[in-house]
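Colleague: Please find one structure pasted underneath; my questions will follow.
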Amino acid sequence: MASTRRRPYEELRSGIEQLGGTVSWQRAGYRYGAWKFDLNGNSAIFESNGRGFPGIDELYKPLVVGKTPTHWSDYSIHLIDGAIDKLVAKLK
């Protein structure tokens, strides 16, 4: 039976992979880990602060109403409009 479990940051990952890039999890050298995005010879690393991943969490629509999200679980699995373009801009 195929798993229906979603990979972390699936939507961002898929968007970068469709453009020919890669996304990898980096544990060594980071207290809580980091995501590395590579595209067209450019890369960016988004390190966890223990509560989420500043720089990429905000590319998802927030679930909380009336307050600023403070944890990765405060965001939905749906990207904001233009999220992939915003991520690509961070890789330049």
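Only the coordinates and a few stated rules stand behind these numbers; no lab work does. The model shown is predicted, which means the values in this text are computed figures rather than measured ones. We place every Cβ from the backbone using ideal geometry, glycine too, and count neighbours over all the protein chains shown.
Colleague: With point charges of +1 on the Cβ of Lys and Arg and -1 on the Cβ of Asp and Glu, referenced to the Cα centre of the chain, which listed residue (Gly50, Leu79, Tyr9) lies farthest in the positive direction of the dipole?
Modeller: Of Gly50, Leu79, Tyr9, it is Gly50.
Colleague: Continuing with this model, one more query. When the helix-only estimate is applied to the chain (DSSP H runs of n ≥ 4, each -39,500 (n - 2.57), divided by the residue count), what is the mean residue ellipticity at 222 nm, nearest 500 deg cm²/dmol? It would help to have the intermediate numbers written out before the result.
Modeller: Numbers: 2 runs with 17 residues, N = 92.
One gets -5000 deg cm²/dmol as the mean residue ellipticity at 222 nm.
Colleague: Now for a different question. In straight Cα distance, which lysines are under 29 Å from Lys92, not counting same-chain residues fewer than 8 positions off?
Modeller: Output for Lys92: Lys36, Lys61.
Colleague: In nm², what is the average projected area of the convex hull enclosing the Cα atoms of the chain?
Modeller: Average of the hull's projected areas for the chain equals 7.1 nm².
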